[in-house]
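Since the structure comes first, as structure tokens, the remarks are kept for the end.
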Amino acid sequence: MTTEARHPHLLKLVDPPIIVGHRCISCERIAFPPDPYGCEKCGSPSDNFENWDLEARGSVRAVATVHRHHRPAPITPFTVAVIELVGGPVVKAIVEGDDVVVGSSVEGFLAPEDKDDAGKVIVDLRFRITQ
Amino acid sequence: MTAPSFLSTRPVFIVGIGLHRYQRRSDQTYVSLGLTAVREALTDAGVNWTDVDAAYTGTALLGMGASRIMLSRLGATGIPMTQVENASASGSSSVAQACLEVASGRSDVVVALGVDKPRGGLGAAPGEAGIPNLEAGSIVPFTHFALLASEYMNLHAVTDEQVAKVAVKNHRNGSQNPFAQRQKVRTLDEVLAEPISGSLTRLQCCPVGEGAAAVIIASEDGIDRLGIDRSRAMQVVASATKTEALYAEGVGIDAALTAETGTAAFEEAGLEPSDLDVLEVHDAFAIEELLYAEALGLCKPGEAATRVESGDFDIGGSCAFSPSGGLLAMGHPIGPTGVGQIAEVVRQLRGEAGPRQQPNARVGMAHMVGIGAVCVVHILRKP
Ligand SMILES: [Zn+2]
């Protein structure tokens, strides 16, 4: 059985998972997501970027449970949060558990989302209260 | 770099306004919607189509080439026509371009129009930019604003009920506006029902329908030459457009961008936030009125909810917020919205707003935000 990330360029499938951002060599800005074009701070083209590993840990700045959604997935209700990573950048992601509130410390984990006909499991990053 | 205001070099006035009611998607063509608004604006100004030197059409969803097939039905005069797309601020940007054209001296009389019909999706380009993100698919606009609401309410200890009171006020204003898509007074309980995302409920989210709005913009030369009624001409004293800059991580871009654009507009006009009598704000979601009231300097951070509760932002308060009903009640048909805001501000400054008239209104602002993110702010003054 193989496992693949829904967003392969954004994640390293290790335990705990790593979020892949970028660092601009010219101005040292660290940002997420990786960007194929250029730096919003100094204008350097992206060949001046290096990948930058970010720990999937942080604190919750905002949280909302979605009751109605325009798309078939995710299935409602689900909860999303704005998370300030310990490494600086702010990400938005799905969180699991009713106990996540503003200020919670959260950690990332890989949740299976789908399985294709060949048995390949698609995983995506979710967050939960730090265990 | 601050250039002298082009609007003070050659003054620009709104001399006519016209609307087609905002409504749910129907079989009516965009041509019919747009012509209704333009004909009404021409009649209101007392000018003929043959007096118009140029036209700008703000639309985000119609596709290319919308203007001529519509406006030529007023007479194919061969004037320059340009379609303007700036997401939700498309109509605001058509007004900005028309003001620039009149101020430049190239034209004396220009029409700025907004018209749209909803489609299945918004077709927004950022999703096609090839920049993948973790949240792709799970965060649609109302959830983006639900998250901003969560952060704001937590920071300032504001309750669901307090945010919902913005919608109660704007639905009440919309009930007095014959051009509004939603014209019903709603109770707090009604507004709090039907959750959509986070604390946002259905009646705290704007309806996206169809409609049209048009304004006629003229120079003093145009006003004199055509014998336009000066007492009903309202001066545009600021026209500011900005896009999102790079803010500190986690700073709410919508409020930061609004603060910068608002500051630029007040500087251009030589006015202060306290000078505003009327403010049509981008309240696509109820929380936005609170965020932007503070970002535009109408009150201190964290104070907006209590100002709404005190009635200060009601018609008759110190500054009437969205007397038209705003995007929440008047509606948000995208292209028309920003032009419709200008029409409402003009109606208020003329003293012609009937049951929703803000007493003694002399200065008004129209504020729009669009995906991207862009912000467009105009300030109008009764001469
Ligand atoms: Zn850089």
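Read-outs throughout are calculated quantities, based only on the coordinates presented, and are distinct from any laboratory measurement. Keep in mind the model is a prediction, meaning the values are calculated, not measured. Glycine also receives a Cβ, built like all others from the backbone with ideal geometry; neighbour counts cover every protein chain displayed.
Can you give the calculated 222 nm mean residue ellipticity of chain B, where each DSSP H run of n ≥ 4 adds -39,500 (n - 2.57) and the sum is split over every residue, rounded to the nearest 500 deg cm²/dmol?
Per the formula, -10500 deg cm²/dmol.
Hey, could you grab the Kirkwood Rh for the stretch B:38-124? Inverse mean 1/r over distinct alpha carbon pairs, Å, one decimal.
That comes to 13.4 Å for the stretch B:38-124.
Quick check on the protein assembly as shown: of the DSSP beta bridges with both residues there, what percent are antiparallel, nearest 5%?
In the protein assembly as shown, DSSP labels about 80 percent of beta bridges as antiparallel.
Based only on Cα atoms, what Rg/Rh ratio does the stretch B:89-185 have, Rh being taken as Kirkwood's radius?
Ratio of gyration radius to Kirkwood radius for the stretch B:89-185: 1.08.
Can you pull the one-decimal nm distance between simple spin-label points at B:L246 and A:V102, each 7 Å off the Cα toward Cβ?
2.8 nm
Run through the DSSP bridge list for the stretch A:3-129 and note the antiparallel percent, rounded to the nearest 5.
Roughly 90 percent of the DSSP beta bridges within the stretch A:3-129 come out antiparallel.
Which value in Å does the Kirkwood hydrodynamic radius of the stretch B:180-242 take, with 1/r averaged over all unlike C-alpha pairs and then inverted?
16.4 Å
With a ≥ b ≥ c the root eigenvalues of the C-alpha gyration tensor of the stretch B:275-360, is it rounded (a/c under 1.5), prolate (a/b larger than b/c) or oblate?
Oblate shape, in that a/c is at least 1.5 and b/c is the bigger or equal ratio.
Let me know the Rg and Dmax you get for the stretch B:16-165 when you use only its Cα atoms, in Å.
Rg, Dmax (Cα atoms, Å): 19.6, 58.
Going highest first, how would you order A:60-70, B:87-97, B:226-236, B:358-368 by mean Cβ packing within 10 Å?
Taking the mean over residues of other Cβ atoms within 10 Å, the ranking is B:87-97, B:358-368, A:60-70, B:226-236.
Take the eigenvalues of the Cα gyration tensor for the protein assembly as shown, scale each by 5, and report the square roots as semi-axes in whole Å, largest first.
42, 25, 22
If you place +1 on the Cβ of every Lys and Arg, -1 on the Cβ of every Asp and Glu, and leave all else neutral, what size is the dipole of the stretch A:3-129 about its Cα centre, to the nearest 20 Debye?
340 debye
Among DSSP beta bridges lying fully in chain B, give the percent that are antiparallel, nearest 5.
Close to 70 percent.
On a straight-distance basis, which lysines could pair with B:K184 in a cross-link, Cα separation under 21 angstrom, same-chain partners fewer than 8 positions away excluded?
Result set, ordered by chain and number: B:K165, B:K169.
Say the dipole of the protein assembly as shown comes from +1 at the beta carbon of Lys and Arg and -1 at that of Asp and Glu; which of B:A343, B:S324, B:A37 then lies farthest toward its positive end?
Checked the options; the winner is B:A37.
Over all alpha-carbon pairs in the stretch B:216-274, figure out the percentage whose distance exceeds 20 Å.
Here the tail beyond 20 Å accounts for 49 percent of pairs.
Can you list the aspartates and glutamates whose alpha carbon is less than 15 Å from that of A:K120, not counting same-chain residues fewer than 8 positions off?
A:E4
Work out, in µm²/s and without decimals, the Stokes-Einstein translational diffusion coefficient of chain B at 20 °C, 1.002 mPa s, Rh from Kirkwood over C-alpha pairs.
In µm²/s, the coefficient is 105.
Give or take rounding to whole Å, what are the principal axis extents of the alpha carbon atoms in chain A, in descending order?
The Cα atoms of chain A stretch 42, 40, 32 Å along the principal axes, largest first.
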